[in-house]
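The values are calculated or read from the model by the stated rules, or taken from the named source; none is laboratory data. Here the structure is a predicted model, which means the values were calculated and not measured. Neighbour counts are summed over all protein chains in view; Cβ atoms, including those assigned to glycine, are modelled from backbone coordinates with ideal geometry. Just the protein is used for accessible areas: all its heavy atoms, side chains included, with ligands, DNA and RNA removed. Shrake-Rupley method; radii C 1.70, N 1.55, O 1.52, S 1.80 Å.
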Amino acid sequence: MKVNFAEIVISAVTPKQYPKNFLPEIALAGRSNVGKSSFINRLLKRKNLARTSSKPGKTQTLNFYLVNELFFFVDVPGYGYAKVSKTEREKWGKMIEDYLTTRKMVKAVVLLVDFRHLPTSDDIQMANFLIYYNIPFHVVFTKVDKVSKSKRQGQLQQAINALEIRDDTEYTLFSATTGEGFDKAWQVIEEAIKK
Ligand SMILES: Nc1nc2c(ncn2[C@@H]2O[C@H](COP(=O)(O)OP(=O)(O)O)[C@@H](O)[C@H]2O)c(=O)[nH]1
Ligand SMILES: [Mg+2]
């Protein structure tokens, strides 16, 4: 997709603030620091549209990025961020769950998983949640530039086993640094927003 226009429309803290133009939404889920913002920036060829950080972010908002007046990327930051209170975490968890299970415009979830490590219990929980609610999802393994080519096949098999996703679940090996996986990721997204 040729991106002519990309802009953050709202950082929503309550469902009332979700956009009302009802375009397809691609939700990006993953632990904080997994590379969600970097994924968005790389795909949209913008340096800093989505703010990246080396520190795990504590912004608990749903960030809606409008692309070409055609669809939204929705950055769902924050799970696995331990430094917020339990109440905060529960409130946030509920907001994500409600969004993903009730929002009709969500065409697919991109579940980002750090390829340098095995999936965490948070990642596994998220995958289970998506499977349980029958929400279509695609796994994007991030930071693959950090894993040598010779280790990738083994790492991939272990990660897929750990996530307990079906063998035919689609995935992309992605690097925001090198651009690996760029075409595949776009292909998946374009497919999803047509549905
Ligand atoms: N080597 C490498 N680092 C990455 C990649 N993607 C993100 N990072 C780094 O990981 C950190 C967190 O990235 P960010 O996009 O802010 O993660 P978010 O919290 O999920 O939005 C930043 O320091 C990024 O530069 C990647 O593909 N390769
Ligand atoms: Mg981010």
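Candidates in segment 25-51 are the residues that are open to solvent by less than 30 Å² (accessible area, probe 1.4 Å) and part of a loop (DSSP other than H, G, I, E, B); of these, the one that is nearest to Tyr65 (Cα to Cα) is Ala50.
Scanning segment 179-187 finds no residues that are modelled with pLDDT under 95 and either small (Gly, Ala, Ser) or open to solvent by less than 20 Å² (accessible area, probe 1.4 Å) (or both). Within segment 157-195, being under 18 Å from Ile131 (Cα atoms), within 17 Å of the chain's Cα centre (by Cα), of a type outside the set (S, T, N, Q) and in a loop (DSSP other than H, G, I, E, B) holds for Ile165, Glu170. Give me the residue from segment 127-143 that is over 13 Å from the mean Cα position of the chain (by Cα) and outside any loop (DSSP other than H, G, I, E, B) and, out of that set, surrounded by the most Cβ atoms within 10 Å (Cβ to Cβ). Only one residue tops the list, namely Phe129.
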